[in-house]
Amino acid sequence: MKYIDEFNDPALARRLLDEIRATATRPWALMEVCGGQTHSIVRHGIDRLLPDEVELIHGPGCPVCVTPLEVIDKALEIAARPGVIFCSFGDMLRVPGTDRDLFRVKGGGGDVRVVYSPLDALELARRNPDREVVFFAIGFETTAPANAMAVHQARRLGLTNFSLLVSHVRVPPAVEAIMTAPTCRVQGFLAAGHVCSVMGTAEYPALAERYGVPIVVTGFEPLDILEGIRRAVRQLERGEHRVENAYARAVRDEGNPAAVRMIEEVFEVTDRNWRGIGRIPGSGWRLTDAFRAFDAEHRFDVTGIRTEEPAECRSGEVLQGLIKPTECGAFGTTCTPRTPLGATMVSSEGACAAYYLYRRMNDGPTPQAAPVAREEMNPVA
């Protein structure tokens, strides 16, 4: 564990914090894109250790949290059908749909199974030729290569009883949507290192230039995050807006070319709804025509879905970075991990789950700074 321990060194953390304090001369608001980064920040108290000039805004970087409610409800409908084996990662089972979740479907007799890879679901399809096996393919760019490989293998093996319910989302269009929102206060980004390890950094320089924001690619350990903050603040103080890679041990500018080729063969870009946020153009992937036979939405033709979010749940505002979880009146009362109203309370990367898990029950409200002035602002929808 020595390699990991090196990125938790208290002395190095203090040195980075001292550098951040010495650099920051005015208020700056940074957004960490990934929910894994949010959990690390809250777990280690990084936001509380930073100088008052530096505010961290939690972004929408939890793929479970932003999976659209209509897709969740379609998953529940498919999973409840006779003859279906519905496979998912474990953190999707408690995500509430309009009136139930996958655990309730399983309790009612649906064959819902937790798997650790889409290839596990593929093996179930091979062993159960008389059953329809559906894998719930959600996630950012990080999980797309494995899902693409599963479909590619299914076609090679001639399996006709395997399909994906796809709800993949892409990070760069979400960054652009955040920056064009009229309520935007974000002045810099900590980009998700795992996403960039797959896709590289090619899409980010244009965003940094267009919106005048530094984008620093970083990892998930305390020193990774502090180094990302240090670099972002340094750029802001100098009036710079570049892409920097502070996670070079995992990320190359070109990403993983083999993974990208697999994604591009199986998926194509599409518009996608983000739960609690709205429709973001070009922010998702769907199966190409060549692999459309493996699309569960087409195979099962689920129609008549009517969705309804709980009125008291403010998870959409949490996902947009407009409020902290504790500013929602339901947080920790009617909404807990046992009785969740929104996905942000049950996902392993959800901001509400992080605040609840690490007992951040009384954090004050988000400072109401004036929105950053930008041209041609549009709401995130």
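Quick notes on this one:
- Counting only DSSP beta bridges with both residues in the chain, the antiparallel share comes to about 20 percent.
- Segment Ala258-Glu6, length gained on full extension (0.36 nm per residue, minus Cα span): 87.7 nm
- Multiplying the residue separation of Arg279 and Leu322 by 0.36 nm and subtracting their alpha-carbon distance yields 13.7 nm.
- Cα-based values for region 197-300, radius of gyration first and Dmax second, are 17.3, 55 Å.
- Taking every Cα-Cα distance in the chain and sorting them into 10 Å bins starting at zero, the pair-distance distribution P(r) comes out as 5, 24, 32, 25, 12, 3, 0 percent.
- Spin-label pair Glu308/Asn362, simplified geometry with 7 Å Cα→Cβ offset, distance in nm: 3.7 nm
- Share of Cα-Cα pairs in region 18-110 lying beyond 19 Å, as whole percent: 56 percent
- Label zone at Val269, where the point sits 7 Å out along the Cα-to-Cβ direction: region 165-193 residues whose backbone N lies under 15 Å: 169-177
- The alpha carbon centroids of region 179-227 and region 155-170 are separated by 31 Å.
- On full extension, the segment bounded by Thr98 and Glu209 gains 35.9 nm, given 0.36 nm per residue less the C-alpha separation.
- log10 of Debye I(q)/I(0), alpha-carbon scatterers only, for region 28-177 at 0.13, 0.17, 0.20 Å⁻¹: -0.66, -0.97, -1.18
- The chain - Cys residues lacking any other Cys C-beta under 4.7 Å: Cys34, Cys87, Cys184, Cys196, Cys313, Cys328, Cys335, Cys352
- Mean Cα-pair separation over length for region 47-204, i.e. relative contact order, pairs under 8 Å, 6 or more apart, %: 21 percent
- At R0 = 22 Å, FRET efficiency that the Cβ-Cβ distance of Arg81 and Glu123 yields, to 0.05: 0.55
- Rounded D (µm²/s) - region 150-241, Kirkwood Rh over Cα pairs, Stokes-Einstein at 10 °C, 1.306 mPa s: 103 µm²/s
- Between region 293-367 and region 64-114, the C-alpha centres lie 16 angstrom from each other.
- Cβ-derived FRET efficiency at R0 22 Å, His152 paired with Tyr116, nearest 0.05: 0.70
- Here the contact order of the chain, divided by its residue count and restricted to Cα pairs under 8 Å and six or more residues apart, works out to 22 percent.
Rule-based calculations on the coordinates, nothing more; no lab input. Remember, predicted model here, so these are calculated numbers, not experimental data. Don't worry about glycine lacking a Cβ; one is built from the backbone with ideal geometry, like all the others, and counts go over all protein chains shown.
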